[in-house]
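None of the figures in this text is laboratory data; all of them are computed from the coordinates on show. Just so you know, these numbers come straight off a predicted model, no measurement behind them. Note that we place each Cβ from the backbone using ideal geometry, even for glycine, and neighbour counts take in every protein chain shown.
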Amino acid sequence: LTLLALAPLAANAFMAPSAFATRGLSSKLNANAPDYEDYGKFDEQVWSLENKKSVYNDWDPTAPRSATNFNPFETFGGNSPDCSGRFPGENRYKDPSRPDMNF
C-alpha cells in the first residue's frame, strides 16, 4: 500500500466528528435548565403579551422555577423563554406561536 492510497481514508477520519469534540455539549446547554416535565398553561396557544402578563402575575420568585412559575420577560443570551419557561437549546423547548403582526 502506498501513502496515496491511504489519503482518502485519513481525510474521512479527519472530517468525522469525534467524541472529544461533542462530549458534554448537551449537558452544557442544559446545565441550568429547570427539571420539570410539564408544559405551561399556554402551550399550543399564541404566546401573546396578554398571556405573558398572566404568567408574570402568577409568578412567585421565591418558589422553584417550573413550567407554570417563571418570569416570561426574563432573557438569556438575548433569547426569551417559550410558554413553559424554557430557552432555546434546552430540552423540550418549543418555538412559541406568536401573534400576527400587520404594519
Legend entry - 3J(HN,Hα) from dihedral phi, region 65-72, Karplus parametrisation 6.51/-1.76/1.60, rounded to Hz, x for glycine, proline: 5, 8, 5, 10, 9, 7, 8, x
Legend entry - Sparse-neighbour loop sites [trypsin sites (Lys or Arg not before Pro); region 39-103; at most 16 other C-beta within 10 Å; DSSP]: K41, R92, K94
